[in-house]
Amino acid sequence: MPAIQTRDGYKLHVEVTGEGQPVVLIPGLGGSANFWSGIAPKLSERFRVVQFDHRGAGRSDRPVATYSVEGLAADLVDILDQLSIDSAHLVGHSTGGAIAQVMAIDHADRVNRLVLSATWDKPTLHFEALFAARLRMLEVDGPEAYARLTQLIGFPPDWIDQNPRILRDAVAAAAADLHPISVAMERLRMLFRFDRSADLDRIVAPTLVIGSRDDMIIAFGRSEALAKQIRGARLLARDGGHFFPRVDPARFVQDLAFLTESAA
């Protein structure tokens, strides 16, 4: 479908496939709907699947401005409004999970069921040190080095060895994916400012939290913390590094059976 326009005049790339109850797939910091390429086709057999590229990434506009997770959530509200979707299931990975938290807290009436994948409750010392190092690498060493590091810490070593094209393609696309660098850096900085942990007990949507025990970017303990702070949340432990939905998309789709469970 054509790009939709936000209330402040920017264009967002949006894709809609399938029919049925709406499910929004929210990608992580890379911001591209392509993250879900192994998952969206299967989900669209049962749901109306909405995907989008974040503001500042992918095929969406990339304004030089101050970014916030709350602002990206406001963009999602605009998408739902323009698609005439009153409420939807939300599946958010990493930064997408942060966006989903804001939606469930500040726009609770728009959220049916909530899946939080490899995301966090608030910045920790480990989180801040790692993301500060990534930010510095992007600024000093450039997009290719940053992309290479992201893949190497995002996927399990054996999976990288078996899928060399993933690393090669990410490095080749880095200059375009992270242009302009000032926007990519600001999107990284917004994560240091995100902390809605004091509001997590306000989430009323049935929630599934999925974390990876070998995640080198978002430690599994952050998933445990989220599940403890959201009333009634269920926690699933997986393996496959930070990008486990891409490592084993079939298993991730199985986990999303949570979306069709009847209310207790």
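The values are calculated or read from the model by the stated rules, or taken from the named source; none is laboratory data. This one's a predicted model, so the numbers in the text were calculated from it and none came from an experiment. Please note: Cβ atoms are built from the backbone with ideal geometry, for glycine as well, and neighbour counts cover all protein chains shown. Surface areas here come from the heavy atoms of the whole protein model, side chains and all, with no ligands, DNA or RNA. Shrake-Rupley method; radii C 1.70, N 1.55, O 1.52, S 1.80 Å.
Kindly check whether there is at least one residue in segment 21-34 that is without any contact (Cβ under 8 Å) to a residue 60 or more places away in the chain and open to solvent by 10 Å² or more (accessible area, probe 1.4 Å). Yes: segment 21-34 contains one or more residues that are without any contact (Cβ under 8 Å) to a residue 60 or more places away in the chain and open to solvent by 10 Å² or more (accessible area, probe 1.4 Å). One residue alone among Thr119, Thr66 is in contact with a strand residue (DSSP E or B) (Cβ under 9 Å, 6 or more places away or on another chain) and polar (S, T, N, Q), and that residue is Thr119. Beta carbons closer than 6 Å, at least 6 apart along the sequence or on distinct chains, never pair a first residue in segment 172-185 that is closer than 16 Å to Arg148 by Cα with a second that is outside any helix (DSSP H, G or I) and open to solvent by 40 Å² or more (accessible area, probe 1.4 Å). Taken over segment 225-238, the criterion of being over 12 Å from Thr119 (Cβ atoms) and without any contact (Cβ under 8 Å) to a residue 24 or more places away in the chain is satisfied by Lys228 alone.
Residue pairs whose Cβ atoms lie under 8 Å apart, sitting 6 or more positions apart in sequence or on different chains, and linking a residue in segment 84-103 that is more than 15 Å from Ser32 (Cβ to Cβ) and among the β-branched types (Val, Ile, Thr) to a partner that is open to solvent by 10 Å² or more (accessible area, probe 1.4 Å) and part of a loop (DSSP other than H, G, I, E, B), are Val102/Arg196.
If you take the residues in segment 135-180 that are charged (D, E, K, R) and either buried (at least 17 other Cβ atoms within 10 Å of the Cβ) or not in a helix (DSSP H, G or I) (or both), which one is farthest from the chain's Cα centre (by Cα)?
Out of the qualifying residues, it is Asp141.
The residues of segment 122-134 that are part of a helix (DSSP H, G or I), open to solvent by less than 70 Å² (accessible area, probe 1.4 Å) and in contact with a helix residue (DSSP H, G or I) (Cβ under 9 Å, 6 or more places away or on another chain), listed by number, are Phe127, Leu130, Phe131, Ala132, Ala133, Arg134.
Applying the set (1) in contact (Cβ under 8 Å) with a residue 24 or more places away in the chain; (2) in a helix (DSSP H, G or I); (3) in contact with a strand residue (DSSP E or B) (Cβ under 9 Å, 6 or more places away or on another chain); (4) farther than 19 Å from Leu114 by Cβ to Gly241 leaves exactly one unmet item: (2).
If the condition is being β-branched (Val, Ile, Thr) and farther than 18 Å from Ala250 by Cβ, then segment 18-40 contributes Val24, Ile26.
Filtering Arg189, Arg193, Arg202 for residues that are open to solvent by 20 Å² or more (accessible area, probe 1.4 Å) and under 27 Å from Thr260 (Cα atoms) leaves a single hit, Arg202.
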